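Since the structure comes first, as structure tokens, the remarks are kept for the end.
The values are calculated or read from the model by the stated rules, or taken from the named source; none is laboratory data. Computed from a predicted structure; not experimentally measured. Virtual Cβ from ideal backbone geometry, glycine too; neighbours counted across all protein chains shown. We work out accessible area using only protein heavy atoms, side chains counted, and drop any ligands, DNA or RNA first. Shrake-Rupley method; radii C 1.70, N 1.55, O 1.52, S 1.80 Å.
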Amino acid sequence: MTNFDVIPNRQNTSSEKWDGMKEVYGTDNLIPLWVADMDFKTPDFILNALQKKLDFGVLGYEIYRDELTNAIISWEEREHNFKPCPEDVLFSHGVINGLAFTLEAITNKGDGVIYQPPVYGPFINTIKEMGRRTTQNPLVFKDNKWQINFDELESLITPNCRVLLFCSPHNPVGRVWNKDELQKLAEIAIKKDLVIISDEIHQDFCYSGFCHIPTATVAGMSQRVVTITAPSKTFNVAGLKGSCVIIQNKEIRDKYKAVQSAFHLKDIGIFERCEMETAYNEGSEWKNELVAYLEKNRDFAYDFIKKYLPRAVVTRPEGTYLMWIDFSGYGFKDSVELQKFLVEKAKIALTSAPYCGETKAFARLNLGTSHAMLEIGLNRLKNALEG
């Protein structure tokens with residue numbers, strides 16, 4: 001059993017989460033619960049595999065091995081009941097790289113691309129940087145749950161706006177989209193000829209009572225979904241830029257491969273290959289232990305906020321290790337005022353709302369740390385709000 005209560009000291013290790021706070025917040029005297037990586041040590045079976053490669057002493061060019069594709073397919077089938085064909089599995093240097101390549105492959109400059117804020121910030125920036133038009137389909141908070149506005153989504157789809165960037169499970173609101181929601185999305189996609197780029201990097205983080213359903217497995221969706229995922233969140237190896245891009249539609253797949261070839265970026269590095277193959281072959285038990293620990297952190301944080309921060313609005317995440325909190329009940333007029341308070345009074349670093357395309361007094365809390373560190377951060381927040 002892994003002891004997730006013990007975390008390494010990441011200060012002065014070039015950690016963005018720890019050593020990057022001063023640049024972002026103006027000080028490093030904060031509890032860092034912002035950047036979406038975890039403070040837990042990468043599992044030993046991955047470190048040992050990487051060390052074995054280093055010990056061999058030659059880090060030259062490698063040919064592609066079927067064992068890597070087989071490991072990915074085996075993981076998807078075993079963990080998520082998704083079995084793509086070997087030819088469907090491609091790669092990218094991170095989820096956003098795969099997203100950008102897909103947009104380049106299937107859209108033109110000036111085309112609209114739909115996204116659903118609040119959402120992972122690089123979605124928004126990538127659409128703009130690629131010269132495409134940002135088209136918002138905001139999630140709605142109804143019946144104490146974040147939901148998709150399906151009627152609005154359908155109205156936004158046109159011949160020049162027929163791509164949706166979908167986040168499943170959703171960062172930052174923590175939704176695990178259920179079968180009914182995904183079927184409704186499929187109905188709209190089929191009716192309006194919508195293509196979905198589905199970021200499923202948080203696929204392995206689902207809590208009791210919830211199950212991730214890959215978007216591509218929904219009836220009628222396999223030929224209109226590009227699935228992008230990675231072991232980086234699950235096994236805390238985000239510094240290794242290797243992601244899987246699964247494209248079952250041959251026409252889209254060939255266009256994606258052409259973009260990769262044009263930029264000479266179809267391959268990932270030897271360490272990315274090593275950690276990905278090892279993680280997906282050996283990581284199920286460790287992943288289950290991790291999710292059980294995170295679920296305890298989730299429950300503690302949710303109960304703490306409901307008890308000690310009664311004017312905050314929060315939902316219990318169904319998946320991910322992120323929590324989206326509305327602080328407007330405490331009188332903060334916007335995200336700028338809230339962020340100033342969090343930094344100067346609470347001494348805690350949370351991801352600010354504008355990163356997720358929101359200007360109101362929301363912030364994102366990262367649960368991926370030791371219980372003790374999380375408790376310290378939440379108590380700082382409680383004491384500052386009481387003061």
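Please indicate, with yes or no, whether at least one residue in region 202-216 is among the hydroxyl-bearing types (Ser, Thr, Tyr), open to solvent by less than 10 Å² (accessible area, probe 1.4 Å), within 25 Å of Gly242 (Cα to Cα) and in contact with a helix residue (DSSP H, G or I) (Cβ under 6 Å, 6 or more places away or on another chain). Steps first, answer last, please.
Filtering region 202-216 for residues among the hydroxyl-bearing types (Ser, Thr, Tyr) gives 207-208, 215.
Checking the rest, the ones that are also open to solvent by less than 10 Å² (accessible area, probe 1.4 Å) come to 207, 215.
If we keep only those that are within 25 Å of Gly242 (Cα to Cα) as well, we get 215.
Subset that is in contact with a helix residue (DSSP H, G or I) (Cβ under 6 Å, 6 or more places away or on another chain): none.
No - not one qualifying residue is present in region 202-216.
Looking at (1) without any contact (Cβ under 8 Å) to a residue 40 or more places away in the chain; (2) open to solvent by 40 Å² or more (accessible area, probe 1.4 Å); (3) hydroxyl-bearing (Ser, Thr, Tyr), can you tell me which one Tyr64 breaks?
(1) is the only condition that Tyr64 fails.
Give just the number: which of (1) in contact with a helix residue (DSSP H, G or I) (Cβ under 6 Å, 6 or more places away or on another chain); (2) closer than 18 Å to Ser284 by Cβ does Met38 not satisfy?
Every listed condition holds for Met38 apart from (1).
Quick one: how many residues across region 217-227 are within 16 Å of Glu79 (Cβ to Cβ) and either of a type outside the set (S, T, N, Q) or open to solvent by 10 Å² or more (accessible area, probe 1.4 Å) (or both)? Quick ask: steps written out before the conclusion?
Taking region 217-227 first, the residues within 16 Å of Glu79 (Cβ to Cβ) are 217, 227.
Imposing the further condition that a residue be either of a type outside the set (S, T, N, Q) or open to solvent by 10 Å² or more (accessible area, probe 1.4 Å) (or both) reduces the set to 217.
Here the count works out to 1.
For region 100-118, give me each residue that is of a type in the set (A, V, I, L, M) and either open to solvent by 10 Å² or more (accessible area, probe 1.4 Å) or touching a helix residue (DSSP H, G or I) at 6+ places or on another chain (Cβ under 6 Å) (or both). I'd like the intermediate steps shown before the answer.
Looking only at region 100-118, we keep the residues that are of a type in the set (A, V, I, L, M), and these are 100, 103, 105-106, 113-114.
Matches in region 100-118: Ala100, Ala105, Ile106, Val113, Ile114.
Can you tell me which residues in region 183-213 are in a helix (DSSP H, G or I) and either in contact with a Phe, Trp or Tyr (Cβ under 8 Å, 6 or more places away or on another chain) or closer than 18 Å to Phe141 by Cα (or both)? So that I can check it myself, show each step before the final result.
Within region 183-213, the subset in a helix (DSSP H, G or I) is 183-192.
The answer is Lys184, Leu185, Ile188.
Identify all residues within region 72-98 that are part of a helix (DSSP H, G or I), surrounded by 23 or more Cβ atoms within 10 Å (Cβ to Cβ) and touching a Ser or Thr at 6+ places or on another chain (Cβ under 6 Å); write none if there are none.
Within region 72-98, Val95, Gly98 meet the criteria.
Filter region 119-147 down to the residues that are in a helix (DSSP H, G or I) and open to solvent by 40 Å² or more (accessible area, probe 1.4 Å) and list them by number. Working first, answer last.
Restricting attention to region 119-147, the residues satisfying the condition of being in a helix (DSSP H, G or I) are 121-129.
Listed by number, the residues that qualify are Asn125, Lys128, Glu129.
Residue-wise test of (1) aliphatic (A, V, I, L, M); (2) in contact (Cβ under 8 Å) with a residue 40 or more places away in the chain.
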| residue | (1), (2) |
| --- | --- |
| Asp5 | no, yes |
| Trp18 | no, no |
| Thr27 | no, yes |
| Ile31 | yes, yes |
| Val35 | yes, yes |
| Met38 | yes, yes |
| Asn70 | no, no |
| Ser74 | no, yes |
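Output the number of the condition that Tyr293 fails; it satisfies all remaining conditions of (1) free of Cβ contacts under 8 Å to residues at least 40 places away in the same chain; (2) closer than 20 Å to Asp37 by Cβ; (3) not in a strand (DSSP E or B).
(1)
In region 11-28, is there at least one residue being open to solvent by 30 Å² or more (accessible area, probe 1.4 Å) and modelled with pLDDT under 95?
The answer is yes; a qualifying residue exists.
What do you reckon, is Arg316 among the charged types (D, E, K, R), touching a helix residue (DSSP H, G or I) at 6+ places or on another chain (Cβ under 6 Å), open to solvent by 30 Å² or more (accessible area, probe 1.4 Å) and under 15 Å from Gly174 (Cβ atoms)? It would help to see each step written out before you state the result.
Numbers: among the charged types (D, E, K, R): yes; touching a helix residue (DSSP H, G or I) at 6+ places or on another chain (Cβ under 6 Å): yes; open to solvent by 30 Å² or more (accessible area, probe 1.4 Å): yes; under 15 Å from Gly174 (Cβ atoms): yes.
Against the criterion (among the charged types (D, E, K, R), touching a helix residue (DSSP H, G or I) at 6+ places or on another chain (Cβ under 6 Å), open to solvent by 30 Å² or more (accessible area, probe 1.4 Å) and under 15 Å from Gly174 (Cβ atoms)), Arg316 qualifies.
Consider Lys192 against the criteria (1) without any contact (Cβ under 8 Å) to a residue 60 or more places away in the chain; (2) in contact with a Leu (Cβ under 7 Å, 6 or more places away or on another chain): it satisfies all of them except one. Which criterion is unmet?
It is condition (2) that Lys192 fails.
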